[in-house]
Each structure stands twice: as C-alpha cells, then as structure tokens.
C-alpha cells in the first residue's frame with residue numbers, strides 16, 4: 001500500500017527539480033531592420049506573454065521546460081508562429097522578424113534598397129494606403145507627392161505631365177500591358193488593380209530618364225514584385241473588405257513554395273447606391289497562382305498564372321443604341337522564369353510569358369458595339385554581371401509577337417444608320433534591347449549610364465533612348481542628377497483603327513531631373529526634387545473634338561492621328577517623411593507642376609494633366625500591439641477639362657479654345673483604424689474606415705462623347721459626375 005504513494009512523491013520531486021526556463025530576444029522590422037516596440041509575444045495555450053519595449057527586447061520567464069508554440073503579433077504586420085523547445089539551462093535567445101501585411105510567415109527575405117532617390121513605397125505603406133474600401137495597390141501610388149490623380153473611380157494616375165497610358169509596367173521582370181480591371185470602349189469608365197496588396201512584395205516608381213531597364217512608357221515605368229509563398233507551413237487568409245472578398249492559401253512544396261489567391265468584388269453594388277444613374281458600374285473577380293522551386297543553390301524556377309474578369313450589367317432603362325448594356329473585359333497572364341546564379345558576381349534570368357486581353361460590349365438589343373482583343377507572346381532574358389567590385393553591368397533582350405483586333409459600331413441618330421467606325425485584325429512584333437552600367441569608385445559615389453533600343457515592327461525606326469545618372473551620398477546627404485530620353489511606339493488602334501495612320505513614328509521625351517535628400521535623427525528624411533521635361537511627336541488627332549469655329553458648332557473631324565502634339569512640363573516636389581516602426585510614421589508632401597501642350601508648335605494651352613499645386617499627408621501610429629490608427633489627406637488644384645468647352649453657370653457649352661475651363665479643386669481625407677484579436681489557432685483583425693471624412697463634394701470628368709453635344713445650342717450634357725461622399729466602411733481578415 002505504500003509503494004504507489006512513494007512513487008507519486010518521487011515524481012513530484014523530480015518535476016520540482018527541473019529549473020524554469022527563459023526566452024528572451026528582440027523583435028525587428030523586416031524592411032528596415034529597426035527594433036519594434038509594442039509587439040505581443042506569447043506561448044500558445046499558456047499564460048506566458050510579454051510585450052517588446054522601445055529597444056524591441058522582450059523576456060518570457062518562469063517557463064517549465066518543454067515544447068511550445070511561440071506567437072509574435074502586431075496589428076498591420078504578419079503573424080509569426082514558431083515551434084521551439086525551452087531548455088532548463090541557458091536562456092533561449094531569439095530574433096523575431098516581422099513583415100508588414102496580414103500574411104503569416106516564418107522567415108522573411110528583404111529586398112535590397114535602391115541606391116537612387118526615386119519614389120518607392122514599402123510593404124507597410126502599401127497596406128496602410130491601399131484603402132479598406134478597395135484593395136488596390138495603385139491607390140497607394142496616387143498618394144505620392146507629384147503624382148496626379150483626381151478620380152475616385154480610377155486607379156490610374158499621371159506623372160510629369162503624361163497620362164497613365166504613358167507609364168509602363170514591369171511585373172516580376174516582364175512588361176505587362178493589361179493590368180487593370182476596367183470596361184473598355186465607353187467614354188466614362190473606372191478601373192482597379194488586378195493584384196491584391198497581399199500578393200505584393202514591393203513597388204517603386206521609376207520616372208523617365210532614370211533607368212534603361214524598360215522602354216514601354218515615355219513617362220517611366222512602375223516596377224512591381226509579387227511575393228512567394230510560405231516555405232515552412234500551410235497558411236490561409238480570408239478577408240472581407242469594403243468592396244470585395246478574398247481568400248489566400250500558401251505553403252511549402254518540394255524545395256520551394258506555392259501561393260494561390262482568389263478575389264470577388266461587389267463594387268458595382270456600392271456604385272449604384274452612390275450614383276444610381278452612373279454610366280460606369282462594374283464588378284470583377286481574379287485568380288492568381290505562383291509556384292517557386294529551387295534546385296541547389298544556383299537555380300530557381302518560377303511559374304505563375306493570372307486570370308481576371310470584369311463585367312458590367314446596366315440596370316438603367318431607355319438606353320441608347322450606343323450605350324453599353326452588357327460589357328466584359330478579360331485578361332490572362334502566364335509566366336515562366338528561370339534564375340541562374342553560377343557565381344556570386346553573375347546572375348542570369350530568363351522569362352517566357354503570354355498575355356491576352358479581350359473586351360466585348362453589347363447594347364440593349366444585344367448588338368456588339370465594341371470588341372477588342374490583344375495577344376502577346378514574349379521572351380525576355382537579362383544578365384547582371386559584377387565584372388569588378390566597383391562595376392556592375394546589366395543587359396537585357398526582349399522579343400514579343402503581337403496580334404490585335406478591334407471592332408466598333410456606331411448608330412447615327414441623324415441619318416438613322418449604323419456605321420462601322422473601326423475594324424482591323426493585324427499582327428506585328430516588338431524588340432527591345434538595353435545595356436546599363438553602374439560604376440562606384442567610392443562608397444558614396446555612383447555613376448550610371450545606359451541605353452534602351454525599342455522597336456515596333458509595324459513602324460519604321462529603332463530609336464535609342466540613352467540616359468546618364470550621378471548619385472552621391474556624403475554623410476547624411478543623398479543627391480541624384482540625371483538626364484535621359486525615352487521613346488514610346490503608337491498604340492495599335494492609332495496605327496490600324498478608324499483614324500489610324502501607319503506613317504506614325506514613336507513619340508520622344510527628354511527629361512532632366514535632380515533630387516536631394518537629407519536624413520535626420522529619429523528616422524526623419526527631407527527630400528526635394530525638380531524636373532524639366534519635353535515631349536515631341538506625340539500622336540494626336542487634330543480637330544478631333546466638338547469645337548466652335550467662328551460661330552459655327554463643328555463636330556469632330558475625321559483626320560487621322562498625326563505626330564503633331566508637343567509638351568513642355570516642369571515641376572518641383574518637397575517631402576518630409578518619417579519612416580519608422582515605432583511612434584508616428586508617415587509624410588507630408590507638396591508638389592508644384594506646369595504642363596503646356598501645343599498642336600503643331602502653334603498656340604500653347606494647359607495640358608490635360610496640368611496640376612499646379614498638390615498637398616499630400618499620410619500619418620500612421622500603432623498605439624498597442626493590437627490597435628493601429630492611420631489617416632491620409634490629399635488636396636490638389638483642379639485639372640483642365642480636356643475639351644473645347646466654356647462654363648455658363650452649372651452648364652457647359654462648346655467653345656473655341658481647349659482646356660481653359662478647370663474642374664473644382666480636389667480634397668479628400670480618409671481615416672481608418674485596425675484592431676486585432678489573437679487566439680492560439682488564428683488571428684482576427686477588424687478594419688474600420690471612413691472615406692471622405694469631411695464629405696467634400698468632389699467632381700470628376702466623365703468625358704464628351706459623339707452624342708453629348710447639341711449641334712444647335714452647343715450645350716454639352718453629362719460632362720462631369722460626382723465622386724465619393726462620406727462613406728463609412730468596414731472589413732475583416734482571419735489568418736489561420
């Protein structure tokens with residue numbers, strides 16, 4: 001009878017002899033390496049928890065030895081989970097790395113910082129700026145000083161006097177041409193990015209004349225990088241935003257990872273409640289998948305696929321023959337990549353890709369009034385070779401096969417007949433070559449020179465676009481001076497459409513810009529920049545709009561596109577920024593600009609993107625590990641109405657001069673809060689946002705269609721539309 005009692009006493013005594021363990025460490029930010037305060041660290045299923053201090057340090061003490069699951073969490077940053085064994089001897093020391101966003105990760109790879117002073121957004125800033133209402137990465141770019149964007153329904157933007165169609169895009173190293181959800185072929189439309197911010201590792205905006213890497217846009221290009229999946233555990237995310245629901249799953253596979261996401265919007269339901277009579281109203285869905293595999297330490301293979309579908313179904317009655325009743329836009333992208341690194345000084349990258357964008361619009365009778373299809377198959381290869389410790393040589397070659405077709409039908413109410421405005425089915429090819437070298441004789445000095453040659457086979461010429469850049473960084477200063485030229489080929493519709501002209505040549509842009517930045521203590525930086533830009537030979541349709549000639553109201557002419565438009569733009573920007581993970585972060589920026597256009601070098605008039613003044617403010621503060629508050633405000637003077645119009649009271653009429661009437665100034669303030677709730681198996685984050693907090697009455701330009709001007713009175717109907725009123729919205733994300 002005494003043996004069981006003795007055995008129990010011995011068991012208790014042996015347990016008591018085990019010394020309690022300790023876990024201590026530091027939490028750092030993946031992007032900057034800075035220590036992070038107010039991060040919650042706990043052992044799942046226990047009462048052991050701590051919060052990191054201002055130095056990022058934390059301590060968990062009095063822990064019985066054994067196996068645990070450690071969790072680190074902070075609102076706005078990825079959830080970190082790690083299994084570990086707590087010993088009864090020395091303290092267990094850890095370094096926890098948190099990355100922005102809602103993704104769940106165990107290890108983080110940080111991309112290198114750019115040496116140049118071009119605008120860029122970190123992952124945390126992208127997530128804070130993307131909006132709860134619409135998960136759109138381009139909305140984050142719109143907040144940058146000097147970027148022109150006045151339309152709440154459009155994710156595009158203008159840069160240095162040029163529109164969004166002059167901004168090229170590189171996605172994971174390849175040029176992409178259809179990266180928006182939109183409805184084509186109608187005067188008033190909107191757009192949204194095809195990628196969720198949850199899939200993006202980072203982006204930077206490269207103005208014209210600062211790199212030879214891409215020749216797809218005369219205004220520069222936007223570089224986007226998607227992230228790989230989790231390589232250690234299967235993770236899932238389900239989020240519901242103000243306008244869409246999204247699911248994401250990721251996990252390890254072989255010597256790599258996979259990631260899949262799907263998103264479905266209901267923004268059409270929201271728009272109809274804001275503006276019941278709006279012409280634009282679309283919903284969309286998209287799917288993205290990416291697979292990454294490594295073979296040894298020298299080779300990495302990637303395979304990704306994207307499919308997006310945008311649809312519009314009108315609920316209006318008594319639609320006209322030329323009004324879209326049902327519209328569809330579909331885009332697909334397939335991409336294979338192979339990165340080979342034979343030595344630490346040489347990297348070779350090869351890409352094969354295929355893109356397809358197709359749109360189809362029907363009127364109330366089911367008649368096709370617009371269709372467009374463009375397919376691109378391409379190959380791209382480039383090399384980075386560090387021939388000397390101070391010399392880096394980069395070169396690349398792109399070859400693409402293009403095919404495109406377009407059809408547009410129009411009903412003339414005066415003659416009561418249908419006429420085909422555009423019909424073509426053509427093919428061509430595009431070749432691009434670039435060479436770029438960076439020489440850094442000293443740590444604080446870099447000289448970069450390069451040239452891009454780009455050719456569209458449908459037109460003559462293989463124009464060269466050279467550039468030269470000097471970077472110096474003495475102490476806390478950084479400065480950049482650059483000059484460059486860019487060329488952009490005409491669009492297929494400008495070559496082969498109704499007003500096509502096969503004699504068009506590429507437009508040419510020359511830009512000189514300077515940037516200076518100074519870093520203060522406490523992660524504060526002041527950045528100032530200025531540019532001067534000239535564009536020539538821009539394709540343009542002379543007299544292509546309703547206008548007043550003498551006292552006669554004249555409809556648009558049938559002249560084809562011609563290289564007759566010139567542009568002279570200049571501007572300056574100032575930004576004060578605090579890029580920190582603790583305390584207040586954000587920026588305040590001011591931009592001044594002027595853009596003047598001229599047809600055939602005659603009289604100059606304000607360009608369509610002539611924004612004179614703009615102010616941008618963004619602030620974010622993480623109060624605790626579970627609560628975050630942020631806000632943004634943007635003010636800009638009104639853009640010119642890009643048409644021959646005059647204003648009489650609240651009405652617009654056909655006029656003799658273009659772009660002389662401006663829209664009202666734009667102002668919008670958004671605020672949002674995020675609160676997370678942590679559980680052992682999942683984390684729930686609630687988002688609350690108020691769009692246009694001050695309920696500002698902003699107005700957008702809706703366009704001037706063929707039937708919008710009264711040929712007798714000259715009155716133009718339906719020229720402007722209201723934008724978002726004050727709009728509270730909420731969302732949630734569940735990570736498990």
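Where a number appears in this text, it was derived from the coordinates with a stated rule and is not lab data. Worth saying up front: this structure is predicted, and the values here are computed from it rather than measured. Cβ atoms come from the backbone with ideal geometry, glycine included; neighbour counts cover every protein chain shown.
Which of 424, 496 comes first, and how do the rest follow, when ranked by fewest Cβ neighbours within 10 Å?
Least to most surrounded, the residues fall as 424, 496.
Could you calculate the FRET efficiency of residue 343 with residue 518 from 1/(1 + (r/R0)^6), where r is the beta carbon distance between them and R0 is 35 Å, rounded to 0.05?
The value I calculate is 0.40.
Let me have the relative contact order for the chain, percent, based on Cα pairs under 8 Å that are six or more residues apart.
With pairs under 8 Å counted, the relative contact order is 10 percent.
Using only Cα atoms, what Kirkwood radius does region 17-98 have, in angstroms?
For region 17-98, the Kirkwood estimate is 12.8 Å.
Could you work out how far the C-alpha centroid of region 480-499 sits from that of region 626-658, in angstrom?
27 Å
How big is D for region 464-598, in µm² s⁻¹ as a whole number, if Stokes-Einstein is applied with the Kirkwood radius of its Cα pairs at 37 °C and 0.692 mPa s?
My calculation gives 178 µm²/s for D.
Roughly speaking, what is the stretch gain from residue 397 to residue 679, that is 0.36 nm per residue apart minus the C-alpha to C-alpha distance, in nm to one decimal?
96.5 nm
Relative to the present Cα-Cα distance, how much length would full extension add between residue 706 and residue 665 at 0.36 nm per residue of separation?
12.0 nm
Rounded if a/c is under 1.5, else prolate if a/b beats b/c, else oblate: with a ≥ b ≥ c from the C-alpha gyration tensor eigenvalues square-rooted, which is region 120-735?
Since a/c stays below 1.5, the shape of region 120-735 is classed as rounded.
Compute the Cα gyration tensor for region 134-204, then decide on rounded, prolate or oblate, letting a ≥ b ≥ c be the square roots of its eigenvalues: rounded whenever a/c is under 1.5, prolate when a/b is larger than b/c in the other cases, and oblate in all that remain.
rounded
Would you mind calculating the relative contact order of region 486-570 from Cα pairs under 8 angstrom and at least 6 residues apart, reporting the percent as a whole number?
Dividing the mean separation by the residue count of region 486-570 yields 29 percent.
Taking the Cα-to-Cβ direction at residue 309 and at residue 576 and moving 7 Å from each Cα, how far apart do the two end points lie in nm?
5.1 nm
Return 139, 367 ranked ascending by Cβ neighbour count within 10 Å, so the fewest neighbours appear first.
By the 10 Å Cβ count, ascending: 367, 139.
Set the Förster radius R0 to 41 Å, insert the Cβ-Cβ distance between residue 612 and residue 84 as r into 1/(1 + (r/R0)^6), and round the FRET efficiency to 0.05.
Computed FRET efficiency for residue 612 and residue 84 comes out at 0.10.
Hey, what did region 402-483 get for relative contact order, percent, Cα under 8 Å, at least 6 apart?
Answer for region 402-483 is 20 percent.
Based on the Cβ-Cβ distance from residue 651 to residue 695, what FRET efficiency comes out when R0 is 30 Å, to the nearest 0.05?
So, using R0 = 30 Å, E works out to roughly 0.75.
Enter the Cα centre distance for the pair region 528-584 and region 335-369, rounded to the nearest angstrom.
29 Å
Where in region 170-200 does the amide nitrogen come within less than 20 Å of the point 7 Å from the Cα of residue 260, taken along Cα to Cβ?
195-200
Points 7 angstrom from Cα along the Cβ direction at residue 429 and residue 479: gap in nanometres?
Once both label points are built, they end up 4.7 nm from each other.
Round to a whole angstrom and tell me the spacing of the C-alpha centers of region 40-82 and region 380-431.
Taking the Cα centre of each part, region 40-82 and region 380-431 sit 52 Å apart.
Report, to the nearest 10°, how far helix 3-16 tilts away from the longest principal axis of the Cα atoms in the chain, using its own Cα long axis and a range of 0 to 90°.
It works out to around 50 degrees.
What spacing in nm lies between the two simple spin-label points modelled at residue 385 and residue 532, each 7 Å away from Cα in the Cβ direction?
3.8 nm
Calculated from DSSP H runs of 4 or more alone, at -39500 (n - 2.57) each and per residue, what is the 222 nm mean residue ellipticity of the chain, nearest 500?
Helix contribution divided over all residues of the chain: -1500 deg cm²/dmol.
Between residue 549 and residue 621, what length in nm is gained on full extension when 0.36 nm per residue of separation is reduced by their alpha carbon distance?
Gain on extension, residue 549 to residue 621, equals 20.2 nm.
Taking the number of other C-beta atoms within 10 Å as the exposure measure, put 518, 413 in order starting with the fewest.
413, 518
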